[in-house]
Amino acid sequence: MIELTGEYICKLDAKGRMVVPALLKKQIPNIEQEGLIVNRGFEKNLVIYPRSEWSKMMKQIARLNKFKAENRNFIRKFLSGAAELTLDAANRVLIPKTLLEYAGINGELMLA
């Protein structure tokens, strides 16, 4: 599992785009090619994963017994908000409006 360090205050532009901080970008090798996944967190927050980490989690989730209702509910709830983020030429990512609303983000956010 990748271990990221630091706290970064970021601002969203009018379209909901956030610039990925340079120091954070350095910690994620091949971020431009690999991309990121953003998803709902468990406490009204958002969680961003490098694609490689997301793939590892998906393998773990695939092993859950889907004949158990609690597992199906978890899978449905956990995966329902996931979205791919791609960096543009200005190192920005567009965070979907539904996820911003879920986390109550409207202008400034902290990456931790």
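Values computed for the structure shown
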quantity: Unit charges on C-beta of K, R, D, E only; dipole of the chain, Debye; calculated: 540 debye
quantity: Computed label-point distance, nm, for sites Ala83 and Met110 using a 7 Å Cα→Cβ extension; calculated: 2.3 nm
quantity: The chain, accessible surface, carbon-and-sulfur percent (1.4 angstrom probe); calculated: 55 percent
quantity: Length released on extending from Asn71 to Arg17, taking residue separation times 0.36 nm less the Cα-Cα span; calculated: 16.1 nm
quantity: Probe 1.4 Å, accessible area per residue of the chain, Å²; calculated: 67 Å²
quantity: Reduced Cα scattering model of segment 43-91, Debye log10 I(q)/I(0), q = 0.29 Å⁻¹; calculated: -1.21
quantity: Inter-label distance for Phe42 and Glu3, nm, one decimal - labels placed 7 Å from Cα along Cα-to-Cβ; calculated: 2.1 nm
quantity: Inter-label distance, nm, simple model (7 Å from Cα along the C-beta direction), Met58/Ala90; calculated: 3.0 nm
quantity: Around Met57: net Lys/Arg minus Asp/Glu count, Cβ-Cβ under 12 Å; calculated: +3
quantity: Angstrom value of the Kirkwood radius, inverse mean 1/r, which spans all Cα pairs in segment 1-95; calculated: 14.7 Å
quantity: Residues of segment 67-95 with amide N under 16 Å of the 7 Å Cα→Cβ point at Cys10; calculated: 82-95
quantity: Listed residues Glu101, Glu84, Glu43, most fluctuating in the chain (Gaussian network, C-alpha, under 10 Å); calculated: Glu43
quantity: Neighbour cut-off at most 10 other Cβ (10 Å), DSSP loop, chymotrypsin sites (Phe, Trp or Tyr not before Pro), segment 63-93; calculated: Phe67
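The values are calculated or read from the model by the stated rules, or taken from the named source; none is laboratory data. Remember, predicted model here, so these are calculated numbers, not experimental data. Note that each Cβ is placed from the backbone with ideal geometry, even for glycine, and that neighbours are counted across all protein chains shown. Only protein heavy atoms, including side chains, enter the accessible area calculation; ligands, DNA and RNA are left aside. Shrake-Rupley method; radii C 1.70, N 1.55, O 1.52, S 1.80 Å.
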